[in-house]
Every structure is written in C-alpha cells, then in structure tokens.
1. Along the positive direction of the dipole of the chain (beta-carbon charges: Lys, Arg +1; Asp, Glu -1; about the Cα centre), which of 135, 31, 245 reaches farthest?
2. Could you tell me which of the pairs 167/300; 119/310; 167/263; 49/263 are separated by over 19 angstrom between their Cα atoms in the structure shown?
3. Whole-Å semi-axes of the range 1-118's equivalent ellipsoid, largest first, each the root of 5 times a Cα gyration tensor eigenvalue?
4. Give me the accessible area per residue for the chain, probe 1.4 Å, as a whole number in Å².
5. What is the distance in Å between the Cα centroid of the range 166-189 and that of the range 21-69?
6. Which of rounded, prolate, oblate describes the range 126-261, given a ≥ b ≥ c as roots of the alpha-carbon gyration tensor eigenvalues and a/c under 1.5 marking rounded, otherwise prolate only if a/b is larger than b/c?
7. Tell me the carbon and sulfur percent of the accessible area for the chain, rounded to whole percent, probe radius 1.4 Å.
8. Using only alpha carbons, build the gyration tensor for the range 22-79 and give me the equivalent ellipsoid semi-axes, biggest first, whole Å.
Amino acid sequence: MDTTPTVRRLLDRGVILPCPGGVEMDESVSPERIASGVILHTGTQLRGKTTSIGPGSEIGAEAPATVEDCQLGRGVSLKGGYFSGATFLDGANMGSGAHVRPGTLLEEEAGGAHAAGFKQTILFPFVTAGSLINFCDVLMAGGTSRKDHSEIGSSYIHFNFTPHQDKATPSLIGDVPRGVMLDQAPIFLGGQGGLVGPVRIAYGAVIPAGMICRRDILEERQLYVAGPLPSAAPRRFAAGIYRAIQRIVHNNLLYIGNLWALKAWYEQVRTRTMSGDPFAEACRVGALRRLDEGLAERLKRLGELAEKMKYSLEQARAVTGEDLPPAARVQQTALRDRWPAIEAGLKAGPPVQLGEPAREDFLAAWKRVPGDSGHVRAVQSLDAEARRAGTAWLQAIVDYAAGLWTPV
C-alpha cells in the first residue's frame, strides 16, 4: 500500500501502523518525536511541530483521532476524538469522542471516559472523569492512587460562562500546595451535577449526584447538601450590572496563585523526574506551556471583568431603576481603580525568594529520594517534614497572588 514519505519514516522507526494508508501526518511533525512501538490506528491524524508521543502509547483504538501539538508520555491512550494543545503524562487516558482543547494538562494516570470535553483543564494524578462531561477552566487534585482517586461523575458540568457574559470563573477543586504531595483525601463530584464557577472545593468533599453547587466548600470532608431554591418571586435581571464581586476576585487570584505554584513545581521539582528521556522532557516543556496558556487566559478574563465595572457602576440606576447596594459599589469601585496595579503584579509574577527557607529545605530533601522509578513514587517516598516544607513554599506563592486584592 502506498504511504507518504513521513508515514514511511514512522514505519522505519518501528511505529506500529496496522493500516499505514489510514494514517495521516503533516510535514511539521517530526517522526523522531514518535517513539518506537507507538500504535497509530486507522483514522489517526498527527499535526504540529510540538507533537511528541512516548513509548507504549496508543492512538485511535476506538475511533478516529486527531492529535495536534500535543505531548504524550509513556503508556498514554487516546482512544478517539480531537486533541489540540494538550499534554498527557505517563498513563493518562481518554475515551472515544473526546474534545480536548488548549491549556489542558492531564498528569499521571488521570483521564476521562467517552465524550469528555476539556479546555484549560488541569487534572492531577489519578483524577478520573466519567462520560459526557464538560469540564473547562478547572484545576482538580486529590487522591493517593488509582484505587483512591478524585472522581468527576458522568454528565457533570463546570458552568464557566455567566449571564453577564464573562469567564472570570475558574474553579479550584483541591489545590496545588498540598495536591502535588499526592497524600490528600479524594474529592467526589457525583454524576448529573455541576459546579457554578468560580468555586473552591476542599479535599474530602462529597457532592452527591444530581446537585448543582454554587458556593465554596472550604471545610474538608464535608457532604454538600444544597438548600432549597429561593421562593421569592422572579426579579428583573440586568446583564452587566454586577452585585458583590469580592469572592469572585479573590477566587480568581487564588487560582492564578495556584498556577504560579504549579509552574514553580515543574521548573524546580519535576526537572529531576522528567528529564531522563526526550519524551518526558517534551511533556515537561509542554506542561509549562499549558500553565503559561492558563495564566494568560486567567489574566485576560479577570481584566475583562474589571473593565465591566465602569458600566455596572455608571448604569445601574438607569438600567435597574435603583442604585447598587453600598457594599457592591465599594467592591466594584475598588476593582475598577485597583486593576492597573493588580494587573502589573500579575504580569510581574511572584518574587523568586518567596517561600524561603522552606523551598531550600524541600529541594534538599527532594534530592535525597530515589527518582529513577518515576515522579509519583518519588513524591510518595517523601517524609512528612519534607512534605510540610514543600507545601509551605508553594503556599507562600499562592498567598502572594491572593494578597494583590485586599478585602473591601
């Protein structure tokens, strides 16, 4: 069967193509970035110069799959769908019908079943998503193994677009400073439910099936029970006229701080466990690219929210017939006036000395643990004192971001 020169080069490298004529690869893809033994089924399309696929990975086992500018570690399975601008670490997996867009990072053994949609989504090791899911603009951690993992039930939605037409709605399910230590209680999001972003959900939280959560759950190991809906008569809604925004801004800055902390983790910690071969290093570089994309997205969306304050403050009476409540006016005025300084702080990023001396204590302990058996096992071999030091270092980064907005 005739094949293109690039597909022929894959075959020469030992890549397995059951039907070579059914695989497409554009000229920007480097065959050297596709490991020997990778299986590419019929209907696979590879695109993009940053595409890298590690040993033992398999593409398109259930349905045609397009992989565009993605990085895959060892043993990754993408069974069918569209994958663009995403990074999948060792053992990550997605079922058929997936729609995975830029800014997505799935760490070791994280994954989703069929028809899952991710964008600007970060899943820590072992986090598992069911089927028919729309889960964008979220970071989720929790769990200690594949048998003790955080769960996103089937038909779950993260609501990330508001009636005011903004997307300042990222949600933290768990966090980075403790989540990277892989020793926290799993979080359970029951199927046929949803989160209205931006929310924060603590470790060990359980949201039963069929419930929509509209508030933060900040106490650990809590069973969420939604209260009855308000019985008041419907009231007029005016798009663009906001009420209190204190929590929204605070949660956005905490999310950005967690992205900063995760970036520091990849720059200073994962270098040791992800630099042993070109495919692992490609994933580490890809993960850093995903985090930069996430930071740019969050800065853009928070800036758009700040710009909307002028209209809200000036037009509230004209549109609704009444002034904003005093507290809402104070908060909106503060965001409008403080935004240039907040934006400058976010663009500058966290000072390098944050978290000292805890950072040095952690990195010294990190050098002592065996790293040749993989990142997950290395982290799990850290002692309690090292974990506390690492968490303190990363939490200082998060706290710095949160401190750019003081309560008003």
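The values are calculated or read from the model by the stated rules, or taken from the named source; none is laboratory data. Because the structure is predicted, anything quoted here is derived from the model rather than measured. Reconstructed Cβ throughout: ideal geometry from the backbone, glycine too, with neighbour counts over all protein chains shown. Only protein heavy atoms, including side chains, enter the accessible area calculation; ligands, DNA and RNA are left aside. Shrake-Rupley method; radii C 1.70, N 1.55, O 1.52, S 1.80 Å.
1. Among 135, 31, 245, the one farthest towards the positive end of the dipole of the chain is 245.
2. Working: 167/300 9 Å; 119/310 30 Å; 167/263 22 Å; 49/263 23 Å.
The answer is 119/310; 167/263; 49/263.
3. Values: eigenvalues 90, 38, 32 Å².
In descending order the semi-axes read 21, 14, 13 Å.
4. On the way: 17050 Å² over 408 residues.
Accessible area per residue: 42 Å².
5. So the separation of the two Cα centres works out to 31 Å.
6. Because a/c hits 1.5 or more and a/b exceeds b/c, the range 126-261 counts as prolate.
7. Values: 9110 of 17050 Å².
Roughly 53 percent of what the probe reaches on the chain is carbon or sulfur.
8. On the way: eigenvalues 44, 37, 17 Å².
Equivalent-ellipsoid dimensions as semi-axes: 15, 14, 9 Å.
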